[in-house]
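The structure appears right after this line, and notes come after that.
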Amino acid sequence: MANAGIAENELMLRTLFDTVPDAMVVVDRSGDIVLANPQAHHLFGYVPGGLPGLAIEALLPEAVRAAHARHRERYMSHPRVRPMGAGFELTGLRRNGDTFPVEVALSPIGQELFAASIRDISETQRVRQALQHARYHGYLAQLGRLVLESNRDESARTAVPALIAEALGVEAAAVAVGLPDGEALPIRASHGVPARLADALPEAFASDRLSERLAEFRSTGIWTLSRSPADDLPALRATLDAHGFADMAIVPLLDRLKPTGALLAFSTQPDNCDDDKSNFLRLAAHILAAAIQRSRSEEQLAHVHRLDALGQLSGGIAHDFNNMLTIISGNLQMLDAEQAGGQGAHPLIESALRAVDHGAALTRKLLGFSRQQALSPRALRPQRVLAELGEMLAHTLGERVRLSTDCAADVPAVLADPNELETALVNLALNARDAMPDGGALRITARARPTPPEGPDGLPPGSYVAFTVADTGTGMSRDVLKRAMDPFFTTKTAGKGTGLGLSMVYGFVRQSGGRVRIESMPGQGTRVELLLPTSPMPPQEEEESDAAPDAAVRRDPPRVLVVEDEPDVRRVAMGLLRALGYEPVEAASASQALARLHEDPTIRLMFSDVALGNGHTGFELVREARMMRPGLAVLLTSGYEQAAAGAAAAQRDGIQLLRKPYRQSQLAEAVTRALEGKVR
């Protein structure tokens with residue numbers, strides 16, 4: 001009777017074992033399967049009876065078998081009912097080689113056997129992942145709204161890393177955005193990052209050359225400390241360890257494929273960045289990078305708008321201002337000629353003329369940053385530019401400034417206006433001197449710099465020359481650096497500067513087809529790089545300029561038609577020409593000029609303003625005049641730089657252009673060249 005009861009219980013247990021919905025296996029102390037139900041055979045793809053006799057590790061991927069055997073032996077030494085692999089994802093291996101996620105529950109059967117209940121959680125995991133993805137997408141939508149608000153609200157900017165940390169379930173997150181060259185990576189916003197760690201991270205980044213490593217991370221899109229070699233980024237590892245963090249993820253922020261920052265996530269748990277978290281971080285980095293790029297573009301656009309607005313103003317007044325300077329200069333020169341015997345007046349007149357020249361130079365600076373300054377670019381040897389600059393600055397900077405210049409042997413010719421390039425470099429050198437009141441080192445270099453296909457700062461790919469002016473001075477704060485190239489912005493005391501130096505440099509370089517980059521940090525000096533295009537033609541030796549002829553009485557003075565709508569300017573021009581020995585004939589408009597040419601065939605030269613009023617221009621007058629008189633010599637003048645910007649086209653047509661205000665010697669040289677058919 002007892003035996004019958006035992007048999008009945010065994011049958012019931014066996015029936016229960018075979019009919020439970022989960023796969024079940026029984027394993028002995030050696031790890032061999034001694035019993036498996038039909039669900040286990042079906043789950044792992046074995047024929048009935050195929051599992052008993054196999055080692056339990058046969059149902060696991062080969063990569064984890066050794067570790068599983070160690071865990072199994074530990075469990076069997078202290079068996080108890082519990083889930084297996086708590087906190088880890090477990091994977092099963094089917095006979096055909098497919099893997100799938102599983103949950104396992106363990107329980108001892110007596111002292112020698114152990115039961116494992118195994119459940120396929122593929123569907124559960126798919127649902128869990130779908131929910132996780134939906135959760136991450138919700139966070140990404142919040143992130144998008146935050147970065148849109150971050151330019152207007154500082155609190156929104158600091159909320160970004162808090163949102164990242166919450167989404168990932170980690171203790172801390174931060175955004176590090178560097179300077180345009182990507183060398184420095186200061187923490188711009190953070191959540192949960194201790195102040196001491198935030199201060200220590202930039203130094204660790206620099207020690208590990210993280211700015212260079214970020215470019216390597218582009219291939220995978222992410223770097224995690226726990227999944228990298230133990231000797232990778234040692235300074236960063238030591239810094240994190242000292243502050244209690246066991247893992248860190250870094251995703252580069254890219255601007256035109258160039259890393260300019262990083263999104264950082266910190267965890268006290270090791271290996272806490274799975275594939276879903278990695279994907280979320282990559283998407284979040286894309287959103288942040290786009291926002292940063294947009295913000296920089298808006299700043300650049302606002303800067304351009306400021307320049308354009310002031311440029312329109314300065315361009316509009318340039319013509320009238322230069323006309324006034326021409327009147328003042330001309331009358332002073334004629335007065336000086338009349339007072340030739342009176343030595344007392346001459347120094348006063350010369351002082352006034354120097355003030356006129358200073359006013360003209362100031363006008364050119366105003367027009368320089370607004371890109372309305374007419375340039376005369378030509379091929380220049382950088383070696384010669386730096387050699388001449390060094391000689392000039394050696395007597396200007398003072399004994400406390402240690403000047404050095406260096407031009408690599410392979411630097412090609414650069415295409416630029418020689419006077420404007422020299423002025424730009426001198427301006428930068430003087431700024432550097434002023435930033436080193438106690439002295440320091442100033443280094444000016446020239447290097448060949450090919451531009452990659454992506455073209456930084458919108459430059460087309462090609463060959464460029466980089467002129468760099470670097471000092472060891474006081475440097476600039478981030479706020480000052482942002483405004484450094486704004487017109488009229490200066491940190492100097494009143495009367496010490498106009499705030500147009502860097503603005504003029506910016507305008508000249510941009511107008512020349514290049515770009516300006518400034519790097520500076522307080523206490524670490526300033527480095528300004530001018531990137532200018534190379535010249536397709538080799539440099540030519542400069543022609544020796546003809547000496548301006550002295551005023552002289554001519555037996556047969558050439559008749560010069562002076563076309564100018566401003567009476568005082570016209571009177572000055574005629575007076576200067578008369579003093580030079582020419583016979584001027586006046587015309588107040590284009591129609592009067594054409595009438596004079598028709599009436600007087602002895603006129604050899606037409607000297608005309610570019611802006612003649614009533615919609616007429618000197619260029620149009622030249623075309624009509626040469627239809628009437630094909631061999632007529634022509635000289636144009638202008639104080640309006642937008643009109644003067646057509647000088648290059650005018651030269652191709654054999655027309656020389658003289659800028660207002662001009663000295664009598666400059667007028668004499670220009671008239672002589674025009675009569676001889678020379679154009680420069």
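In terms of packing, defined here as the mean over residues of other Cβ atoms within 10 angstrom, the peptides 415-423, 55-63 line up highest first as 415-423, 55-63.
With a simple spin-label model that places each label point 7 Å from the Cα along the Cα-to-Cβ direction, the separation between Arg188 and Val20 comes to 5.7 nm. Between Arg282 and Ala67, the modelled labels are 2.3 nm apart [label points 7 Å from Cα along Cα→Cβ]. Taking 0.36 nm per residue of separation and subtracting the Cα-Cα distance, full extension of the segment from Ala162 to Ser30 would add 42.5 nm. With a cut-off of 14 Å between beta carbons, the residues surrounding Leu140 carry a summed charge of +2, where Lys and Arg count +1 and Asp and Glu -1.
Near Thr472: Cβ cut-off under 12 Å, other residues only, Lys/Arg at +1 and Asp/Glu at -1. The net charge is +3.
In this structure the amide hydrogen of Ala633, modeled in the peptide plane, comes within under 5 Å of the amide hydrogens of Met606, none closer than 5 places in sequence on its chain. Here's how it looks for Val562: its modeled amide H is under 5 Å from those of Val585, Glu586, Ala587, Phe607, which are all 5 or more places away or on a different chain. Each of Leu140 and Leu632 was given a label point 7 Å from its Cα along the Cα-to-Cβ line. The distance between the two points is 7.0 nm. In this structure, the amide hydrogen of Leu51, modeled 1.01 Å from its nitrogen in the peptide plane, lies closer than 5 angstrom to no residue at least 5 positions away or on a different chain. Full extension of the segment from Glu399 to His243, taken as 0.36 nm per residue of separation minus the current Cα-Cα distance, would add 51.3 nm.
No value in this document is a laboratory result; all are computed from the given coordinates. None of the values given here were measured: they were computed from a predicted structure. A quick note on method: Cβ atoms are made from the backbone with ideal geometry, for glycine too, and the neighbour counts reach across all protein chains shown.
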